[in-house]
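What follows is a short report on a single structure.
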Amino acid sequence: MIDASTTIGPFSRETFVQILKEICELFHIAKGVTEFYRSPGREKAGEGDILIDHDNGRGEKEVLKKRVNSRTGAVIIGTLYMAEEDSLDEEELEKVDLILRALLSFVGRNRMIGAIEQLGFYDDAMYPNFRSFSRYLEKLQDTGVIGGYTAVRYNLKSFSVVNQDIGRANGDVAMKRYFDLVKSIIDEDGIVCRMGGDNFIAVFKDELTRSIVEVMRGIPIVYDKEQRRRVTISASIGLYNIPADFGQRDLREVLDCISAAETVAKSAEAGSVIFYDQMLKKRKEDMMRIRHLFPAALGNGEFEVYYQPKVNVVTGQIVGAEALCRWIRDGRIIPPMEFIPVLEQSTEICDLDFFVLDRVCKDLAHWLKSHDHAVRCSVNLSRKHLIDADLLEHVLEIIDRNGVPHEYLEMELTETTTDVKFMDLRRVAQGMRDEGIHTAVDDFGMGYSSLNLIREISWDVLKIDRGFVPLDEEGTDSITYKMFRHVVSMAKDIDLECIIEGVETPYQIKLLRENNCEIAQGFYFDKPLPREEFEKRLQAGKYPLPE
Ligand code: C2E
Ligand code: MG
Ligand code: MG
């Protein structure tokens, strides 16, 4: 038998498309589609690449479909379509059938696989990508040997600084050499792939762990052979020793484990080599439990909105409130710090925030209707919302559906660290203000770009984080006191309403008064209260004040 792959020689994707196009034109075929799946399982799940190689816009009916299984297990499917009024007679159909079959089986056996592989399994810089990694892992699992392997995720330390120091081009060379070094240690029995940027992922035989960790701790890499220039590259690494009984468990578990370990490795206080262990396991289990329980809990009314009053420290009057959510499960209140960071890892936090906003609007509508005690309420919006181009519409829809005047609402947003997010933040904040909704910077002072944030974006309210409020024992000489004084005076100077968070003592109330800062929110007055309790405070209207 003649093997097409050896007789025809190199065969590029362009050639394939060209041939397909010619056949199509010859037989009045309107559209030709090829699908590539790297396994029958992937085909079933619909996870593959669909390439439309020829399309004159008139492909209304399917005239021929052929599928071929490649030696590597990949599935390639070709489908041809024609315009409604065109058709193939029997003889033509036979010819087209034959050509398409030959073409596809050729594709299956030949370098086309390589070309498609290149598209699917490598990134632009020709590093194997995440798909390569997943495929490798699947293979290890299918062959039952995954238990003898260790998976890692690593991030090159300060690589942007390396780029700055030695230049981008040299940085690329250094990154590739470092990659090649890791690859050479792993050798044939494993794989190392790039996840994007300076993030990598690898799996290798357990016994190589020590050598890999050594490289991750830092090693000089030559990036300019002639001048013998070197740069030390190191990485933060999260490792997971895949257990022998891993069996057919979901492979996402491996990814979750190395991601959890790497996150800890990257945090400054931890060492930079972290093995996934019991502590992390517990953390991950808690996380998974929260993720698992959340959707139903939201529907079952397990979430409640508490209100913490904002009080004028001169008159004692309640001037507003912050809505803070509580998860009440089996009689226990789960504080937000336990579940919000978890929900913030996906967009589920957005569902929660919209739920809270809706609840607040319903309460406000009720207060506005039943008595005159309604005050402006603020709602926290997670940063996760910033990528949502329709955020404003969504927020307005909730407020207007409940018929609440916009000035009764305030959105609390936190500072962000990157430029892209900064632009989103500006768009969102401006959009809200244009609609008459108040906007507040939450936890001011705790982020990175504080001053720029209030110069570049117009806000209504600045909420100063409780970390900046002097404690009783901190005198007027303390740095905290001085910073506090100046931040408050700056806020007033640029016409921002200033709210101090975490006010707990009479001394702190006095400080606020002395610095003409009227509004406080904190345990001195009340903790966040269930709605009924808060309504009682609203009706009373005022708090007693210290002398
Ligand atoms: P935050 O927005 O800065 O809310 C203020 C937090 O400070 C609240 O914690 C409040 O109980 C606490 N606090 C208020 N006064 C005092 C005080 O005098 N002393 C002390 N030590 N703490 C005080 P909480 O309710 O546990 O909420 C924590 C964080 O969780 C909030 O910080 C906010 O970032 C987030 N959060 C709460 N509810 C939501 C929500 O519905 N959506 C979103 N996206 N985040 C929320
Ligand atoms: Mg807040
Ligand atoms: Mg805050």
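The values are calculated or read from the model by the stated rules, or taken from the named source; none is laboratory data. Keep in mind that this is a model prediction, so the values were computed, not measured. Neighbour counts are summed over all protein chains in view; Cβ atoms, including those assigned to glycine, are modelled from backbone coordinates with ideal geometry. In case anyone asks, the SASA skips ligands and DNA or RNA and just uses the protein heavy atoms, side chains included. Shrake-Rupley method; radii C 1.70, N 1.55, O 1.52, S 1.80 Å.
Quick notes
- For the chain, the share of accessible area belonging to carbon and sulfur comes to 50 percent (1.4 Å probe, ligands and nucleic acids excluded).
- Probe 1.4 Å, accessible area per residue of the chain, Å²: 51
- Distances between placed amide hydrogens fall under 5 Å for GLY320 paired with LYS310, all partners being 5 or more residues away or on another chain.
- Around the amide H of GLU415, modelled in the peptide plane, lie the amide H atoms of ASP442, all under 5 Å away and 5 or more residues distant in sequence or on another chain.
- Positive-end ranking of CYS361, HIS292, VAL145 along the dipole of the chain, with charges on Cβ about the Cα centre, is headed by VAL145.
- Under Karplus coefficients 6.51, -1.76 and 1.60, residue-wise ³J(HN,Hα) of the range 473-480 in Hz, glycine/proline x: 7, 8, x, 6, 8, 5, 4, 4
- Residues whose placed amide H lies under 5 Å from that of ILE221, excluding near-sequence neighbours: VAL231, THR232, ILE233
- Long pairs among LYS384/LYS463; LYS369/LYS536; LYS463/LYS492; LYS421/LYS492, criterion Cα-Cα beyond 22 Å: LYS421/LYS492
- Here's the list of aspartates and glutamates a cross-link from LYS527 could span, going by alpha-carbon distance under 13 Å and ignoring same-chain residues fewer than 8 apart: GLU322, GLU501, GLU504.
- Computed Rg/Rh of the range 287-538, alpha carbon atoms with Kirkwood Rh: 0.95
- Note: relative contact order over the range 287-538, using C-alpha pairs below 8 Å and six or more positions apart, is 20 percent.
- Relative to the dominant Cα principal axis of the chain, helix 90-109 is inclined by about 70°.
- Calculated [θ] (222 nm, deg cm²/dmol) that DSSP helices of n ≥ 4 give over the chain, each run adding -39,500 (n - 2.57): -13500 deg cm²/dmol
- Over the chain, relative contact order from alpha-carbon pairs under 8 Å, at least 6 apart, %: 9
- Values of log10 I(q)/I(0) for the range 426-515 across q = 0.20, 0.24, 0.26 Å⁻¹ run -0.93, -1.23, -1.39, by the Debye formula with one identical scatterer at each alpha carbon and no solvent.
- Whole-number D in µm² s⁻¹ for the chain, Kirkwood Cα-pair radius fed into Stokes-Einstein, 25 °C, 0.890 mPa s: 86
- The long axis of helix 111-121 is offset from the longest Cα principal axis of the chain by roughly 10 degrees.
- Using θ = phi - 60° in the Karplus curve 6.51 cos²θ - 1.76 cosθ + 1.60, the 3J(HN,Hα) couplings for the range 338-344 round to 7, 10, 4, x, 5, 5, 6 Hz; x is entered for Gly and Pro.
- For the range 167-183, backbone phi angles converted through the Karplus equation (6.51, -1.76, 1.60; θ = phi - 60°) give residue-by-residue couplings of x, 4, 4, 5, x, 4, 4, 4, 4, 5, 5, 5, 4, 4, 5, 4, 4 Hz, Gly and Pro being listed as x.
- Computed on the range 160-319, with alpha-carbon pairs under 8 angstrom and 6+ residues apart, the relative contact order is 13 percent.
- Largest-first principal axis extents of the Cα set of the range 130-276 (Å): 50, 34, 25
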